[in-house]
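All remarks here apply to the structure that follows.
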Amino acid sequence: MKSIAEVIPSSQNLLRKFFVREDSVYDHYSSQYQAKSNRLKIIYLVLYMLPGLLAFCLINIRPVFFAQVYWTGLTPKYLQYAWLLIITFGWHILSPFLILRGADKLTLRQSCAFLGLNRIDWRGLLLFLPVYCVLFALVSLPYMRYLWNPLFHWLSAVPLFHVPAYSIFNMDTSGPPPIYSFPPIALLFLFIGNFLGEELYFRGYLMKKTAFLGRWNWIINSLLFALYHLWQIPQTWPAVGLILFFGLLMQLRKDIYTLVLFHLFVNMWLTYGLH
C-alpha cells in the first residue's frame, strides 16, 4: 500500500498533466525567435496596440470616419465591417506570415508550426476546455456584477472613450450590439476573422515573440490584448480581469485551436449567457 507521501505527489502530477500541456515545438520557437534586442522588444510590444489604434482612428474619430463614408459610398455599418475584415484577415492573419517569412526567414510550413496551425491539442479541446469554460463562467458572474458594471460607467463618463452612436459595437440598445445584425454569412466571415485572427496574432504570434517577458508573458499578453480594443474601451477595458483567462489558457495548453473555441465561448457567454 502506498503511503500518503507517495500518493500526494502522484495526484499532483496527474493534476498537472490535466492542466498543463508540454509542447517542445512551441518551446523551441519561443526560445529561438523571441525578440532579443531592446529595439525588437519595444517593436513587438508596440505591435500589440497598433491595430487597435488604427481601428480607433478609422472608426471612432467622427470626421475621419464620415469622410470615408463619403468617398467610398458605403453605409457606416458596412464600412466598419470592411475595416474589421481588413484588420482581422489582413493585419492579424496575413502580417505574421509576412514577417515570419521576411524577417525570420521561415518557410510557409515552418510559419504554420510557429503559429501552431499544424497541430491540435485534442485532450485540451475535448476534456480541458469544457472545465475551463465552466470555471470562466462561474468567475464571470460576480465579476460582471461587482467589477465590470462600475468600471463600465466610470469609463463611459470619459468623452474620449465614448463608443460612437453609429458604431456597430454600441451597447446603448435594448438587445445585442448592432454587430450581430449582419446576415449569417457576413457574421461567419467576421467571426472567423475575429476569433481566429486575434488568437493567431496575439497568442500564436506575439506571445512567442514576447517570451523574453518570462513568467509575466501571459499576464502582459492578456493586459495588452484588453487595452488593444481602443474602439470599444468602456466595454472591453472593464473586463481586463476576465481577459487574463486568455493568456493563461495559452500558457497552460499552448494550442491555438483551444484558444479560438474559448474566444468564441467567451463572446457568446458575455453577450447572451449573462442576459
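Every number here is computed from the coordinates shown, using simple stated rules; none is lab data. No experiment lies behind these values; they were computed from the predicted model shown. Cβ atoms come from the backbone with ideal geometry, glycine included; neighbour counts cover every protein chain shown.
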Label-point separation in nm, residue 189 to residue 117, each point 7 Å along Cα→Cβ: 1.9
Options (i) 17.8; (ii) 19.5; (iii) 14.0 - which one matches mean projected area of the Cα convex hull in nm² as calculated here: (i)
Based on Cβ point charges of +1 for Lys and Arg and -1 for Asp and Glu, what charge dipole magnitude is obtained for segment 31-160 about its Cα centre, in debye rounded to the nearest 20? 280
At residue 66 and residue 138, where each label point lies 7 Å from the Cα along Cα→Cβ, what is the point-to-point distance in nanometres? 5.0
Counting other Cβ atoms within 10 Å of each Cβ, which trypsin sites (Lys or Arg not before Pro) in segment 30-74 have at most 10 and sit in a DSSP loop? 36
Filter on 77/208; 36/254; 209/254; 105/208; 41/77 - keep pairs with C-alpha separation over 25 Å: 77/208; 41/77
Could you tell me which of 273, 226, 115 has its Cα farthest along the dipole of the chain towards the positive end, charges placed at Cβ (Lys, Arg +1; Asp, Glu -1), taken about the Cα centre? 115
Residue separation times 0.36 nm, minus the C-alpha to C-alpha distance between residue 146 and residue 182: what's the value? 9.8 nm
Which whole-number percent is the relative contact order of the chain (Cα, under 8 Å, 6+ apart)? 33
Positive-end residue of 191, 47, 242, charge dipole of segment 25-273 with Cβ unit charges: 47
Charge dipole magnitude, Cβ of K and R +1, D and E -1 - segment 25-273, Cα centre, debye nearest 20: 640
Largest first and in whole Å, give the semi-axes of segment 175-243's equivalent ellipsoid, each being the square root of 5 times a Cα gyration tensor eigenvalue. 27, 16, 7
